[in-house]
Amino acid sequence: MENIKKRNTRLDRSFDKLRAREESGLAKKSNMNRQLRKILNNKLAVAGMIVFSIIILSAVFAPLICKYDPLMINLKEVLKAPSADHILGTDRVGRDIFSRIVFGGRVSILVGLGSALGAALVGVSIGCYAGYKGGAIDGIFLRLSEIFMAFPQIILVLLLVSILGQSLMNLIVIFVITGWGPMYRMARAKMLSLREEEYVQALKSFGLNTFTICYKHILPNALGPIMVNITLSTAMFILQEAALSFLGLGVPLNIATWGNILNAAQELRILQENWWMWLPVGIVISLFVLSVNFIGDGLRDSTDPSQQG
Amino acid sequence: MLSYAIRRMLILIPMLIVISFFIYSGLELMPGDAVSYMIDPEAAAEISPEKLDALRDSLGLNDPFVLRYVKWFGGVLKGNFGYSLSSGVPIRDIVFDRLPATLELSFIALILSTIFGSVLGFISAIRKGSIADNTLTIVGMLGVSVPQFVFGLVAILIFSLKLKWLPVGGRLMPEYVTYWDRFPHIIMPALVLAATMTAGVMRYSRSSMLDSMNKEYIKTARSKGLPEWRVNLVHGFRVALTPVIVLVGFRLPTLIGGAVVIEQIFQWPGIGNEFITAVRGQNFPLVMMIALFSVFAVLIASFLVDLFTAILDPRVKLG
């Protein structure tokens, strides 16, 4: 008896609920997308989407939310603790921390999302073609990606920073250079199995050209894992931007980003006495990355049933 | 087995050559003259321009690029890494001076994260769907989402600045005699590094354990009437551990670079710390050589891990 009770997990209970609804004729035939429904059933993914939307919306509508210019220096109000006037206090030169976080989100998210999309564009378009064609092209890109992936990521990023110099655009380019490898590998692996499918044979016998076959007909079938990868890379790049800017080697300090705000916390006195200068932004970064990770996990569960567990 | 090892080795060599070629090209493209990092800067200050020119000739700087590269690479293999731009110290001395600190930190973090990660993943898997499992999943997610340095800063604030239990940073002091004198310094960086690494190991060991629990031999063990803990621990966990160990092996080399941020926060005098200083100071020879060194470490370690996996599992073939 006790054994039966123990086996009644959350999943079982939700199945029971579904069955009960079906039997009472309440369950309607849903015309919603199956994958969308699956991800909406994942509580963590939904929570992630809510937090994600809030942060994205506040970044987009930043000028409407903030009373102060994030770059406005006000030497009369330096290192003020949070108050009604400045919700999260001010920094060493009197800039409002709240507006810096909100405006900083624009740049940080741009860097994270832009780099992930850029890396996906490069990695997937190469991986798709090379994986389908095979042969010499595939071999060359495979070796090339191995070379890039042999570097510990942060070392390669810092190496490129020291070569290319510090700027917002350079940082995105560097992240694309360091991030295309895994995307390429993933797209290639997916293509290797998809190209053996029968519909590909059929398309080939129709005489379609290679580009049409691989980009128009096969690529859409590999979109699931690509989306998952883009989401998880966005989270990773946001963390890396924050770490680099914290070290003072990422985005130039005159632009407000989440990492640049944290940069001030390198000073022990600020760390100890002015918590509002670093703790809120640390929490915002963590929340945002956490929400992106939850969405990514939810996406993976809904697009790839074999990965569930 | 031997032929596998040799073939695996043969793949390694062209990669080493190509990467070192890239690094050398990077060095050549850098501002400043090659002479300035081939000889001791202090000596360079006293040499006249004519002598420098003669030196450039004698060093073969007017040779074709490829020939210069071959000579440079030969030097690297013999241990001549060049000189640091800022201090004039041979780079080899800097690397080997800083390496022990990084390895000490990384190994402790690696061991801790492996133990915690695999045990927590195991608990999570055998109690799949329970409150403990869900909590661990969320905590694990937090572990990969909170930036390492924010975690470190909070730890410094609580344990060093408020409670004053542990030192803020550093590693050695002149008055330290035994290892226990400096032990308090490593507690925080090692724990913070381990905590962020545990999450990954935990997820991996959970899915690996779930995988092994669906296998036939687990059913056999159960039907033999063995107690549940024996089935899980002896039959399930042991098998589930192999991929985890492989993962840990792959992590080993990245640790040289992986602790860069942590070393910086805790002022741990390791390679990562030196690397950041070099990047900040535009000390290109040092940046390039540390990068090259870390790639060497990655390639050699991944070679050893592959070999180890092949020994464990004879089905592994050269892909």
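Derivation of every value follows stated rules applied to the coordinates shown; laboratory data play no part. What you are looking at is a predicted structure, and each value in this text was computed from that prediction instead of being measured. FYI the Cβ positions are ideal-geometry reconstructions off the backbone, even for glycines, and counts take in every protein chain you see.
Relative contact order (percent) for the range A:36-171, with alpha-carbon contacts under 8 angstrom and 6 or more residues of separation?
Numbers: 92 pairs, mean separation 20.1, N = 136.
Relative contact order for the range A:36-171 comes out at 15 percent.
Let's test the formula: R0 of 22 Å, r as the Cβ-Cβ distance of residue A:73 and residue A:269. What FRET efficiency results, to the nearest 0.05? It would help to have the intermediate numbers written out before the result.
Working: r = 20 Å, r/R0 = 0.92.
The formula returns an efficiency of 0.60 here.
In whole percent, what relative contact order does chain A give with Cα contacts below 8 Å and a gap of six or more residues? Could you put the intermediate results ahead of the total?
On the way: 392 pairs, mean separation 74.4, N = 309.
The value is 24 percent.
Would you mind pulling out the separation of the Cα centroids of the range B:200-252 and the range A:38-96, in Å?
One Cα centre to the other: 45 Å.
May I ask you to derive the FRET efficiency for residue A:110 and residue B:25 from their Cβ-Cβ distance with R0 = 30 Å, giving the value to the nearest 0.05?
Numbers: r = 31 Å, r/R0 = 1.04.
That gives a FRET efficiency of 0.45.
Kindly flag which residue pairs out of A:43/B:162; B:128/B:162; B:51/B:78; A:190/B:128; A:190/B:78 have an alpha-carbon separation exceeding 32 Å in this structure.
Details: A:43/B:162 37 Å; B:128/B:162 39 Å; B:51/B:78 27 Å; A:190/B:128 30 Å; A:190/B:78 43 Å.
A:43/B:162; B:128/B:162; A:190/B:78, as the Cα separations exceed 32 Å there.
Please identify the helices of chain A, taking whole runs of DSSP H, that span at least 24 Å along their own axis as judged from the Cα atoms and have a mean Kyte-Doolittle score of 1.6 or higher.
Helices meeting the span and hydropathy rule in chain A are A:43-60.
Taking amide H atoms as placed 1.01 Å from N in the peptide plane, list the residues 5 or more away in sequence, or in a different chain, whose amide H sits under 5 Å from that of residue B:83.
When sequence neighbours closer than 5 places are left aside, the close amide H contacts are B:91.
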